[in-house]
Structure formats: structure tokens, C-alpha cells
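Engineer: One structure follows; several queries about it will come next.
Where a number appears in this text, it was derived from the coordinates with a stated rule and is not lab data. The structure presented is a predicted model; accordingly, all values stated were derived computationally and were not measured. Neighbour counts are summed over all protein chains in view; Cβ atoms, including those assigned to glycine, are modelled from backbone coordinates with ideal geometry.
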Amino acid sequence: MRTCPFCHENHDVMIDCEPMKKSLARMRAKMDAYKKEKLDEEHEWPIQEHVVKLWKAHGFPCAVCRGMVALCGYVQVPKGHPAYGKWYDDVDVDVHGGLTFAQRTKDGHWLGFDCGHFGDWWGTVENGHGFEHPGKIWTVEDVVQETENLARQFAEMAVAGANDTRKESQDGQ
Ligand SMILES: [Zn+2]
């Protein structure tokens, strides 16, 4: 057992730290409320994290970045895409932990997820956080794959959206 640097109780793993969980949830709720209010603003480059990889998959710009506690994956959808301009809670995709990020640039709208959920490993090796707990270890390669999985769903969503529009215009005739 070690003394937790956050709550000063004795427990080895972050996943056991209730005060930490509550504090993180509060922090995230505050940041989210702020970002949601500013969803219409365009940012130069919205992702305030160290970029590990930038590439394109399924026609969309993709990014993997290293955040404070974990790696994160992002995909940018263009204007006209069904997910463009939406808050992340309002976009229905199946990605690790659910979407946790939405921000816009002049070229498109970035949506992303992170690998810092409970059940994920927040390690000491890659980010120096000083904690270890027995969760899934996400490598950059894993996050690249999950990001491409997200890009594929956005590609399918674009096709479905186009079909809906076609159907609506046919129905309207
Ligand atoms: Zn603690």
C-alpha cells in the first residue's frame, strides 16, 4: 500500500480513489459546459495536447494526441457531414468510452475520445503520472486503430445521411 498523493489515504490504485474520481468529474463537467457554450467558435487548432500522429483515414483527417493522463484520438468531419457542429453527446457512434470532445476549426469539426477512463491504465512509463493501476494499456497503435474505427463510422454516417437526403427529396416529389 502507498499513500495516495491525491487524498492521502492508503491505496495503490487510482481506480480506488473516490475523491479523485469526483474531482475529475467536476473538472470535466466545468470544462464541458464552457466548451459547449463556445461550440460555434472556430479555433485555429483546437486540440491542446501533444500531437503524436496526424494522418487521414476513410477520407477524414485524424489525430492521436497525448493528454494529461492518457492518449486521445480525434477525427475531423467537414461542413455538411451529419455530425458537423454537433456536441459530442449528440453524435451516436461506438468508440472507446464514448466521445468526450467536440470543437470546430475553419476546415471542419473535430470529435474525439480519450483513453483515460476508469478501467484504462494511466501509466507511469509513458506520461509520468506516478500512478499505476491494472487497466488496459493503450499503445499509440491501439489508439490509431480506434481512431480509424471512429473515422469509418463517420464515413458510414455520411453515406447514410446522403441516402436520407435523397429519400427525402424523392418523397417530396
Ligand atoms: Zn486517493
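Engineer: Per residue of the range 86-97, what does 6.51 cos²θ - 1.76 cosθ + 1.60 with θ = phi - 60° give for ³J(HN,Hα)? Whole Hz please, x for Gly and Pro, Karplus curve as stated.
Structural biologist: Result, rounded to whole Hz: 8, 6, 4, 5, 9, 10, 9, 9, 10, 9, 3, x.
Engineer: Still on this model: In the range 1-123, how does Rg compare with the Kirkwood Rh, expressed as the Rg/Rh ratio over alpha carbon atoms? Before the final figure, lay out the partial values.
Structural biologist: Numbers: Rg = 16.2 Å, Rh = 15.8 Å.
Looking at the range 1-123, the ratio lands at 1.02.
Engineer: What are the residues whose amide H is under 5 Å from the amide H of residue 120, where those residues sit 5 or more places off or on another chain and H is modelled from the backbone?
Structural biologist: When sequence neighbours closer than 5 places are left aside, the close amide H contacts are 136.
Engineer: Quick one: 3J(HN,Hα) in Hz for the range 139-149, Karplus 6.51/-1.76/1.60 with θ = phi - 60°, rounded, Gly and Pro as x.
Structural biologist: Ordered by residue, 3J(HN,Hα) equals 8, 4, 4, 4, 6, 4, 4, 5, 5, 5, 4 Hz.
Engineer: Could you go through the range 47-53 in sequence order and give the Karplus-derived ³J(HN,Hα) for each residue, using 6.51 cos²θ - 1.76 cosθ + 1.60 with θ = phi - 60°, rounded to whole Hz, and x for Gly and Pro?
Structural biologist: For the range 47-53, the Karplus-derived couplings read 9, 8, 9, 5, 7, 9, 7 Hz, x marking Gly and Pro.
Engineer: Return the single residue from 19, 82, 61 with maximal mean-square fluctuation; model: Gaussian network over the chain, springs between Cα atoms under 10 Å.
Structural biologist: Result: 19 has the largest fluctuation of those listed.
Engineer: Another question, if that's okay. Please identify the GluC sites (Glu not before Pro) of the range 2-77 that satisfy two criteria: DSSP loop assignment and at most 14 other Cβ atoms within 10 Å. Which are they?
Structural biologist: Values: sites: 9, 37, 41, 42, 44, 49; in loops: 9, 41, 44, 49.
Answer by residue number: 9, 41, 44.
Engineer: Pick out, from 88, 163, 31, the residue whose Cα sits farthest towards the positive end of the charge dipole of the chain, with +1 on the Cβ of Lys and Arg and -1 on the Cβ of Asp and Glu.
Structural biologist: Of 88, 163, 31, it is 31.
Engineer: Among 35/56; 79/106; 38/86; 53/79, which pairs are too far apart, with a Cα-Cα distance over 19 Å?
Structural biologist: Numbers: 35/56 25 Å; 79/106 9 Å; 38/86 12 Å; 53/79 23 Å.
Too far apart for the 19 Å limit: 35/56; 53/79.
Engineer: Another question, then. Amide H to amide H, which residues 5 or more places from residue 104 or on other chains are under 5 Å from it, using H placed in the peptide plane?
Structural biologist: 43, 110
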